[in-house]
Each structure stands twice: as structure tokens, then as C-alpha cells.
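Read the structure below first, then the notes.
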Amino acid sequence: MPNFLKELTLIEIHWGKPLSFVVSSAGEIQNFSTAEQVRYWLRKKWPVTDQARDRALHQVEAAMDCMASVATARRAFIVAARSAGFVSRHLAGQPEYRVNA
């Protein structure tokens, strides 16, 4: 069997402490714990397509390819989450923060 047909092993990129956001007006909380999960959300489930989302996706994919740091990708993701109207779970109970419907 040729080498390129051998078993493919996938690993998940350590994301550090999970980031938790309220992602719906019903109060649904989503914990983001891996770069792969974040990438999936940015590509398939993100509610807006804007510059912050595009930058976060680029940074997450670069981190997955070891071309950028995970810390840079996390910061870009946090900015994109705020831009999408997501609220950190820790701030959700404060009245000045609201989630877009």
C-alpha cells in the first residue's frame, strides 16, 4: 500500500480555557473548546458575514496550520463573537448587555 493511503490521524488544536458565549436570545450558551469547533461555527453557523468573522476565520485556520498563534486566533474570535452580538456568559446577567435576536 502506498504511504499516502495509510491511516490518517487527526488531532485537535488545544484552544486553552473554553470560551463561553450566549448565542441566542433564548439564552443558549455555547462553549468553544477547540480550534476545529470554532472554525466550524465561523464557517457554518455564524449569524453574520462581516470583516470580524472573516479575520477570525483566517486567524483560526492559520493557527491550525501553525502559521499564527492560538492566542491571536482567540482574540480575533472574541472580536467576531462580539460583532455577531454574542455576549460572554460571564456578562450575560448584566443589563447593559443584550444578545441580538
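The values are calculated or read from the model by the stated rules, or taken from the named source; none is laboratory data. Fair warning: this is a prediction, and the values are worked out from it, not measured in the lab. In this analysis, Cβ positions are derived from the backbone assuming ideal geometry, glycine residues included, and neighbour counts consider all displayed protein chains. Calculation scope for accessible area: heavy atoms of the full protein, side chains included, ligands and nucleic acids excluded. Shrake-Rupley method; radii C 1.70, N 1.55, O 1.52, S 1.80 Å.
A few points about this structure:
- Based on the Kirkwood approach, the hydrodynamic radius assigned to the stretch 31-91 is 11.3 Å, with every pair of different Cα atoms included.
- Length gained when the stretch Thr72-Arg55 is fully extended (0.36 nm per residue, less Cα-Cα span): 5.1 nm
- Accessible-area value, Thr49, 1.4 Å probe, nucleic acids and ligands omitted, Å²: 120
- Heavy atoms of Ser20: accessible area, 1.4 Å probe, square angstrom to 10: 20
- Estimated distance in nm for a label pair at Ala62 and Glu36, the labels positioned 7 Å out from Cα along Cα-to-Cβ: 2.3
- Fully extending the segment from His14 to Val48 would add 9.7 nm, taking 0.36 nm per residue of separation and subtracting the current Cα-Cα distance.
- In the context of the full set of protein chains, the stretch 31-91 has a per residue accessible area of 55 Å² (1.4 Å probe).
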